[in-house]
Amino acid sequence: MKFPSLFPQKKTGTPTAPISKEDKAVMDQFEKGVSSLRDLIAPSGFKVKTKSLEIDGKFATTIYVTTYPRYLDTNWFASIVNFDVEFDVAMFIYPQDSATILKELRKRITQVSTSITMQQEQGKVRDPQLETAYQDIEELRDRLVQGTERFYQYGLYITVYANTEEELDDILSQVEVLLEGRLIYAKPALFQMEQAFTSTLPLGHDNLAVNTNMNTSPLSTSFPFVSSDLTSNTGVLYGINLHNSSLVLFDRFSLENANMVIFAKSGAGKSYTVKLEILRSMMFGTEVIVIDPEQEYRYLAEAVGGAYLQIAIASDHRINPFDLPELAEDENPESALRENITRLIGLISLMVDGLSAEEQSIVDSGLWETYALKDITRGARWKNPEVPTLQDFYNITKEMEGGKNVAVRLQRFVEGTFAGVFNRATNIDLDQACIVFNIRDMEEELRPIAMYVVLGFIWNRVRSQLKRRILVVDEAWIMMRNEESAKFLFSMAKRARKYYLGVTTITQDISDFLASKYGKPIVTNSSIQLLLRQSPAAIDTLSEVFYLTDHEKFRLLESDVGEGIFFAGLKHVAIKVVASYAEDQIITSDPQQILAIEAAKKELSANA
């Protein structure tokens, strides 16, 4: 930096006069008043102690990792990264020459092999530690030769800060506990605090030089950027991110599809979670339709002024499976009719416990004739048509050549024990924002059929009017037991996006669900997956489907009610579902709470 008023100017061709003592004194005095970059960023005070540093009244200490376990879990470093204290981390990774390492490993494997042989010759009991070392060295040699692994020197240093020495010791103890919980041990950089501190500054200088041998696989688990967020500007609150206590705020309709699957054991909080999402989604104008096999959504429907429809033999609510959707102006009526008949073929197959190829052709012809009976043909457009019933189909089929066998097996639904359940005109109206179909009182044998009929009725409504909707199918494993009902559920999940529909599939019987050939496709066609607490019998199956790490498997086995792993697109986080007191009173499934609420209602009614 040059200042003309203080420094003599050099003129071309003219020799510069020597600087006088007075000018030199002025220049020295000026330079003392000029601040350099180092002056600006340097602390006002820096005191080096044996176990810590004092910098501008703040205390710091550095530890370095010395020992790692044989196996490192994925994201093991997350507990440190998400620890709510002030700290700096430095990682130094030095690639090593594979040829040199292979020579060293060859020597080491010879030594270990010789030790094992000598122990065997001396008749000693085998040494598991030697045998494990032998296996590890051989495995590492294979991977280095194949090029799937590299070898490195790895140094990990952590500098923590505090306002007092007592607070610093307390924080340091907590960090060591977090590490030791994963069998990772660290030491303070005694008598090397200055070198250790500068090693964690963003300068790239490894002045401490304490490194550990490590190959690619365990080194990759040390990736520090593990604090994943799942928060957007729109959507509903699903819960709290257990990694960093942030909010899991998400709009399921912002993904490629709005489908969701929930897997959990009984009592893990799956219905509670879904009811909470329903309440919060309805605040944004979303229409919700629920198939409820266990009467868990009754209080919710009553609280929001929704419709609660009981589908059972003794109930007055009826759905005609032959109902047709309303036609859009540009929709081909023949295509809509074909789709409806295809669905009905699946329903008839479900009712009669399967159809042969010949019987499928007979049923197909019978269905076309049944609709033709009401002037509903291939090319005819309809508006509020008079649709046939199962009784009409039965009457036509029993008169068809080869159809008597189908009619005989269908008779119990028309004239037998189950007459009146599926062969009457629809008498329900669906104008509410929340509609719950309860099938708890339906006979066990009829539950899959009832769910199929209800889904067909819902699908006609969905495709007739484009609207933001969520369809909840609770205990979906019931439908997965039969191929036709599983196929229909998969078809809905696959096509739901076109009609602004999100299908939520809930199940506790994971084995039955995934055993169906349509189970895994339903999972892959769902952009959101929620795994809550699992049983040991199901965890391995889930691990194969969702590629869970050992740490995630342990989390699902040991998690509390309402805790699990939330997958949304390519991201996933550990989640805890949290409800307010008012929401909890509406959605709780705890029998003790429900009895207390009912008692309070009776007391209020009596006082009124």
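If we scan the stretch 226-236, do we find a residue that is more than 30 Å from SER589 (Cβ to Cβ) and exposed (fewer than 14 other Cβ atoms within 10 Å of the Cβ)?
Looking for residues that are more than 30 Å from SER589 (Cβ to Cβ) and exposed (fewer than 14 other Cβ atoms within 10 Å of the Cβ), one finds at least one in the stretch 226-236, hence yes.
Check GLU302 against each of (1) modelled with pLDDT under 90; (2) part of a loop (DSSP other than H, G, I, E, B); (3) farther than 28 Å from PRO536 by Cβ and name the one condition it does not meet.
So the condition that GLU302 fails would be (2).
Quick one: count up the residues across the stretch 55-89 that are in a strand (DSSP E or B) and of a type in the set (Lys, Arg).
Residues in the stretch 55-89 being in a strand (DSSP E or B) and of a type in the set (Lys, Arg): 1 in total.
So that you can scan it fast, the table gives a plain yes or no per residue for (1) surrounded by 13 or more Cβ atoms within 10 Å (Cβ to Cβ); (2) at negative phi; (3) touching a Leu at 6+ places or on another chain (Cβ under 7 Å); (4) modelled with pLDDT under 85:
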| residue | (1), (2), (3), (4) |
| --- | --- |
| SER526 | yes, yes, no, no |
| PRO536 | no, yes, yes, no |
| VAL561 | yes, yes, no, no |
| PHE566 | yes, yes, yes, no |
| ILE575 | yes, yes, yes, no |
| ALA579 | yes, yes, yes, no |
| ALA582 | no, yes, no, no |
| GLN585 | yes, yes, no, no |
| ASN607 | no, yes, no, yes |
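So, in the stretch 409-435, exactly how many residues are touching a helix residue (DSSP H, G or I) at 6+ places or on another chain (Cβ under 8 Å) and under 23 Å from ASN482 (Cα atoms)?
Result for the stretch 409-435: 10.
Scanning the stretch 382-401 for residues that are surrounded by fewer than 19 Cβ atoms within 10 Å (Cβ to Cβ) and modelled with pLDDT under 85, which turns out farthest from SER335 (Cα to Cα)? Lay out the reasoning, then the answer.
At the first step, the residues of the stretch 382-401 found to be surrounded by fewer than 19 Cβ atoms within 10 Å (Cβ to Cβ) are 383-386, 391, 395, 398-401.
Still in the list and also modelled with pLDDT under 85: 383-384.
Details: LYS383: 16, ASN384: 18 Å.
Here the answer is ASN384.
Within the set of pairs 6+ apart or on separate chains, which have a first residue in the stretch 540-566 that is over 22 Å from LYS520 (Cβ atoms), a second that is in a strand (DSSP E or B) and of a type in the set (A, V, I, L, M), and C-beta atoms under 9 Å apart?
Correct list of pairs: ARG555/ILE565; ARG555/ALA574; SER559/ILE565; SER559/ALA574; GLY562/ILE575; GLU563/ALA574; GLU563/ILE575.
State which residue is surrounded by the fewest Cβ atoms within 10 Å (Cβ to Cβ) when the search covers only the stretch 273-293 and only residues that are within 24 Å of VAL578 (Cβ to Cβ) and of a type in the set (Asp, Glu).
Ranking the qualifying residues of the stretch 273-293, first place goes to ASP292.
Quick one: THR417 ticks every box in (1) in the same structural domain as ILE341 (by TED's automatic domain parsing); (2) at pLDDT 85 or above except a single one, so which number is it?
Here THR417 meets the rest and fails (2).
Mind checking which residues of the stretch 498-518 are out of contact with any strand residue (DSSP E or B) (no Cβ under 9 Å at 6 or more places or on another chain) and more than 25 Å from PRO536 (Cβ to Cβ)?
LYS498, LYS517, TYR518
Which of the residues that make up the stretch 131-168 are surrounded by fewer than 16 Cβ atoms within 10 Å (Cβ to Cβ) and farther than 28 Å from SER217 by Cβ?
Result: ASN163, THR164, GLU165, GLU166, GLU167.
The values are calculated or read from the model by the stated rules, or taken from the named source; none is laboratory data. Quantities reported herein were computed from a predicted structural model and do not represent experimental measurements. All Cβ positions, even for glycine, are placed from backbone atoms using ideal geometry, and neighbour counts span all protein chains on display.
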